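Here the structure comes first, spelled out in structure tokens, and everything after it is commentary.
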Amino acid sequence: MNSVWLQNLTWEEIQEKIKSSNGTIIVPVGSTEQHGPHLPVGTDTMVAMTLAEAGAERASVLVSPPLWFGWSPHHMILPGTITIRPEILVEFCYDVISSLHQHGFDKFILINGHRIVNIAWLQIAAERAKRELNATVVIFDPAYMSKEITQELGWGEIGHAEEIEGSHMWFCYPDLVKMDRAKDNPHKHHPLYHVDPKYPKDTLCYVPSSIPEQKKSVLHAGGTSGTPSKASREGGKQYHEHLVDRLVEIINMLKAMSGVK
């Protein structure tokens, strides 16, 4: 029983793991969408998967099959993007949690690889699972969980397929990254509006861009927003290890819980 992936195990192995993990499981959630000319369309899901696998191996819990699709209407201008309506995603995610809960999992870590766009519907699914199933559900988002290291690495604001995602993918999936094709598209600030969770100034809440709003940027840089030229494998390694350390902390906190929701 060496694999941490649910789909690789028999039901008897899973039943044993439910007991030894005190009912704790990770659910990776991402998207399938364009990530510029240098990163694969599966980037967001791969990020969630690689974090989940590394954390699960260290903390001895299981990982469910990933949710490969997210809410991506703002990226439909380029091919390869698949967007699912958020109301469908809420029901899908809830059914995954409910199914696992029925067999004894009661502590869930949803790892979000699709940043702020997935947060809203993940929160709705998580709240429903807490209320209706009495489950413990937390959302682990790399953007929120890396505030203490991104500045140290000299990286800029969160965009799309920028140095943050580029570095992480370069470290974890080097064979899928084409950094020589990356195009910088520095952030353009808008009055009282920013999408970065760590942005310190007053801002409106994020709303996904429309296709007309995205078109000019996409044509200019092939779907990139930010400065992927700052990416490095070493930076990706430090970033990845920081996130895995934090994930292990969260897993151990949940595993230690008993009867408290």
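Determine whether His114 is outside any strand (DSSP E or B), closer than 22 Å to Ile211 by Cβ, of a type outside the set (A, V, I, L, M, F, W, C) and in contact with a Phe, Trp or Tyr (Cβ under 8 Å, 6 or more places away or on another chain). The answer is yes for His114. Yes or no: Ala161 over 18 Å from Gly42 (Cα atoms), surrounded by 18 or more Cβ atoms within 10 Å (Cβ to Cβ) and modelled with pLDDT of 95 or more? No. Six or more apart or on different chains, Cβ under 7 Å: which pairs go from a residue in the stretch 97-112 that's over 17 Å from Pro28 (Cβ atoms) to one that's of a type outside the set (Ser, Thr, Tyr) and surrounded by fewer than 22 Cβ atoms within 10 Å (Cβ to Cβ)? Could you list them? Every condition considered, the pairs that remain are Ser98/Leu133; His101/Leu133; His101/Ala135; His103/Ile18; Gly104/Ile18; Asp106/Ala135. Being among the basic types (Lys, Arg) and free of Cβ contacts under 8 Å to residues at least 40 places away in the same chain is a description that does not apply to Arg58.
Inspection of the stretch 143-151 identifies at least one residue that is closer than 17 Å to Thr50 by Cβ, of a type in the set (S, T, N, Q) and in contact (Cβ under 8 Å) with a residue 12 or more places away in the chain. In the stretch 1-104, counting only helices (runs of 4 or more DSSP H) that sit wholly within it, the ones holding 1 or more residues that are under 30 Å from Arg181 (Cα atoms) span 43-59.
When residues in the stretch 118-152 are screened for being in a loop (DSSP other than H, G, I, E, B), touching a helix residue (DSSP H, G or I) at 6+ places or on another chain (Cβ under 8 Å), at pLDDT 95 or above and not acidic (Asp, Glu), 2 of them pass. Being assigned to a helix (DSSP H, G or I) and exposed (fewer than 10 other Cβ atoms within 10 Å of the Cβ) is the filter; apply it to the stretch 174-214 and report the residue that is nearest to the chain's Cα centre (by Cα). Ranking the candidates gives Asp175 first.
The values are calculated or read from the model by the stated rules, or taken from the named source; none is laboratory data. Please read these numbers as outputs of a predicted model, since none were measured by experiment. Neighbour counts are summed over all protein chains in view; Cβ atoms, including those assigned to glycine, are modelled from backbone coordinates with ideal geometry.
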